[in-house]
Each structure stands twice: as C-alpha cells, then as structure tokens.
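Below is one structure, written out as structure tokens; the observations come after it.
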Amino acid sequence: MANIQSSIGARSLRFVMSRGAIALTASLGFLALPTPSDATDWPKFRKGLWQFERTLAANGSGGVIFKREMTRCVDPSRAMKETFRSSSVGACRSSRPDQVESNKYVFAQRCDYMGPVRTTIVVESDTAYTEVNEVQGALPRTDTVIARRIAQCD
C-alpha cells in the first residue's frame, strides 16, 4: 500500500513540476520578448537650461487658446523616453512611432492626458525639437511645443 501511495505521489509531483516548468518557461519567454511598452530607441537630448514655448490652438477656428513660455533645467531625454513608451490609457492604446524621416517621428495614435492624439516630433538636433499633438473629436485642437536648449545649468 505504501508503495502504491509513493508511486501516485511521485506521479503527481512530476505532473505538478512539469506544469510549473512549462509555466516558468512560458513566462521567461514572454519576458524576453520586446513589449510595446519598451522605449528603446527615442531621440536623445542634452541636459541643461531649456526654453519651452507651448501653444494650444482650436482647430478650425484658428484661435489660440493659450500660449506659455517656460524656462527650466531639465533632461528632455527622460521625458522623451516616456513619450515613446507605448501605453494604454483606458480603452486607448498607443501605436508605436514610425520614423518617417531621419529626424521625424509620427505616432498615428498616442494616449496621453489629452486623450487619443496624433503626435509628430521633429528633432532639429540634440538641443532643439518641436512636438505637435493633434487632438481629434468633439473639441479638435493642436498642442505645439517648441523646445530649445539655451544654456548650461548650475
């Protein structure tokens, strides 16, 4: 009787271990695959004192909703990495960026605080870029950021 129980126990243990090995192998394989949330190739910029000019305009009417300038010490590469990270916000799924020219990136749909937007980023150099976010829908608008590095930070 003890021999039968140990035989059944050994078979159950092998079954559980083989199922665990399959699950572990599958999860490790999954982790090795690149995921849409990996931002691996995005424009890099120099840290420093940057000036940002942001303009929000209503599409169709051409009216400027607001225009602001801001100057601060930042590393724009960190923010750009997050922009290039495909994310989901509610039912909105970001598309991966297409590099349409050597210095131009287009997201057919990117999800951010404004909702689904079409984003175009034009990189002039490691010290300047322009980002245009076009929001469609009930209140279409365009959010444009012109960014330039103007000095070193202390």
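Observations on the model:
- Fraction of the pair-distance distribution of the stretch 48-151 above 17 Å, Cα-Cα pairs, percent: 55 percent
- The stretch 46-98: C-alpha gyration tensor shape, a/c 1.5 cut-off, then a/b vs b/c: oblate
- Based on C-alpha pairs under 8 angstrom that are at least 6 apart in sequence, the stretch 48-151 has a relative contact order of 29 percent.
- With a cut-off of 12 Å between beta carbons, the residues surrounding Ala108 carry a summed charge of +2, where Lys and Arg count +1 and Asp and Glu -1.
Any read-out appearing in this document is the output of simple, stated calculations on the displayed coordinates, not a laboratory observation. Note that the coordinates shown come from a computational prediction; the quantities given were computed from them, not determined experimentally. In this analysis, Cβ positions are derived from the backbone assuming ideal geometry, glycine residues included, and neighbour counts consider all displayed protein chains.
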